[in-house]
Amino acid sequence: MNVHPSHEFWESDLEVPVNLLLDRFQDSNIRQSWLDSLSGKQLSIIFQHCFKNHLNGQLFQDGDYDDRSTQQKRKILTSYSDSLFDYYLISYFDRTKLEATVSEVARFALTEKLMRSYLVKNNTKYDKRSLLFLLFHINCELLKSVYHFDKVQKKGFVSFALQKSPRQINTSFKEFMSQEAVEHILKDDDQLQGFFHHQDRIYMFVRRGSDMDLLLNSNKVVHGHKPEWMILDFSLDGTQVNLCAKNTNKAVEIANSIVSGYFDCECTFVNIQDKNFPLQVHKFLQACIDGSDPDICIFELNFKSDYFKNSNTYLTLSVKPYDSIAPELHILKPSIGNILQSIQSAKVMFQNKKVTFSFKISGEVYYSEHPLNKKEREDLKKHMEQSYGLKILSRANC
């Protein structure tokens, strides 16, 4: 069975198990069950594309194919279901992808009007699968962008900056970042998987072999290594990078080599651990408790108190999200005193998401990045830095 654009594209670039899915797809009951699961809009995208490519164009007069009911389209496509394997692969690919990821990539490829036509759930979310079908029709490489950016959305990053600022280069860093410039830096077990440009950032994806593993492929056991991903998120000028890697030192090594090649001098990235002063942290907590910060609402505090007999005693105070915690603290103040300097952690609402902050004696402020997507994490970091001068760090690196 032909697979577009190739087996390698699906299995290597997108890590979709083609052979396993092909075995399933050859079962007519499974094919029918899959077709029945598709919505009217999803069927229409497949139907129109097949007609334009003359797969079933002989069945209709010009333009007549779009007048068919969803049931008719489903019935007609059933007769051609064995030729729809690409869409079955996309359906599998779709399962674990974030709606925020798919819609963000789609915005750069589809018109605003077309995007709006695929809104669902009270016009708050997009039909992921429909958008993926459309992106596949435009350019199958857009699915690679979805695959890569989805990893960005789900991961926590450690921030690094160049230890010394080198002289500016005439060639832009974006132009310099190419397969030719990077591949000679990578070792044999490191594979460059591509680049993704988004909101003035350059994302570079590297896949490498990790721990030994095995998998079942077409009734055969295949031995090999688990895939391990490194994501290098560079600024446009190459002087700052956010890293996501199991082996951070290895990722720093690669980033150092890349920018050293660009600036034509030895460059070293160092971990950004800007010291936060206690007064900045207290200002942030007080603003959130008082309700003077319209973007962040504290609904839970975990703290110690000088009034407690045992120095290891912690108290957790919770209210409903978006309720003010200040009145409860006011009532407790005679018993606990001023606890701003003794708060260990706080749960807050930010953009309708629950986020936990942890405060260290050394001044670091960590946050739980997992509830937030990439844009929300950047919005929170920007808000904390601009409003309070605080540098917050991913809790994954705590």
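The strands (runs of 3 or more DSSP E) found entirely in region 305-378 that carry 3 or more residues being crowded, with 16+ Cβ neighbours inside 10 Å and in contact (Cβ under 8 Å) with a residue 24 or more places away in the chain are 343-350, 353-359, 365-367. Of the residues making up region 1-23, those that are in a helix (DSSP H, G or I), more than 12 Å from residue 86 (Cβ to Cβ) and touching a residue at least 24 places away in the same chain (Cβ under 8 Å) are 13, 19, 20, 23. Set side by side, the residues 320, 381, 333 differ, and just one is under 30 Å from residue 272 (Cα atoms) and among the basic types (Lys, Arg), which is 381. When residue 279 is tested against (1) outside any helix (DSSP H, G or I); (2) modelled with pLDDT under 90, exactly one condition is not met: (1). Only one entry in 160, 173 is surrounded by 21 or more Cβ atoms within 10 Å (Cβ to Cβ) and farther than 22 Å from residue 96 by Cβ, namely 160. Would you check if residue 259 is buried (at least 17 other Cβ atoms within 10 Å of the Cβ), in contact with a Gly (Cβ under 7 Å, 6 or more places away or on another chain) and on the phi < 0 side of the Ramachandran plot? Taking the combined requirement at face value, the residue satisfies it. Residue count for region 37-55 satisfying the condition of being under 15 Å from residue 128 (Cα atoms), among the polar types (S, T, N, Q) and either more than 28 Å from the chain's Cα centre (by Cα) or modelled with pLDDT under 80 (or both): 1. Look at region 44-57: where a residue is of a type outside the set (A, V, I, L, M) and a partner is assigned to a helix (DSSP H, G or I) and at pLDDT below 65, sitting 6+ places away or on another chain with Cβ atoms under 6 Å, you get 51/57; 51/65. Selection of region 379-398 for residues being under 18 Å from the mean Cα position of the chain (by Cα), in a strand (DSSP E or B) and free of Cβ contacts under 8 Å to residues at least 40 places away in the same chain yields an empty set.
Is it the case that some residue within region 149-162 is in a loop (DSSP other than H, G, I, E, B) and of a type in the set (Val, Ile, Thr)? For region 149-162, residues in a loop (DSSP other than H, G, I, E, B) and of a type in the set (Val, Ile, Thr): absent. Just one of the numbered conditions (1) modelled with pLDDT of 90 or more; (2) more than 27 Å from residue 25 (Cα to Cα); (3) not in a helix (DSSP H, G or I) is not true of residue 97: (2). Taking each residue of region 178-206 that is surrounded by fewer than 13 Cβ atoms within 10 Å (Cβ to Cβ) and looking for partners that are among the polar types (S, T, N, Q) with beta-carbon atoms closer than 8 Å, six or more apart or interchain, yields 200/235.
Of all residues in region 137-151, those being among the aromatic types (Phe, Trp, Tyr) and either surrounded by fewer than 22 Cβ atoms within 10 Å (Cβ to Cβ) or free of Cβ contacts under 8 Å to residues at least 40 places away in the same chain (or both) number 1.
Could you go through region 316-327 and let me know if any residue there is modelled with pLDDT of 95 or more and under 24 Å from residue 154 (Cβ atoms). Checking region 316-327: not a single residue is modelled with pLDDT of 95 or more and under 24 Å from residue 154 (Cβ atoms).
The values are calculated or read from the model by the stated rules, or taken from the named source; none is laboratory data. Keep in mind the model is a prediction, meaning the values are calculated, not measured. Using ideal geometry, Cβ is built from the backbone for each residue, glycine included, and neighbour counts are taken over all protein chains shown.
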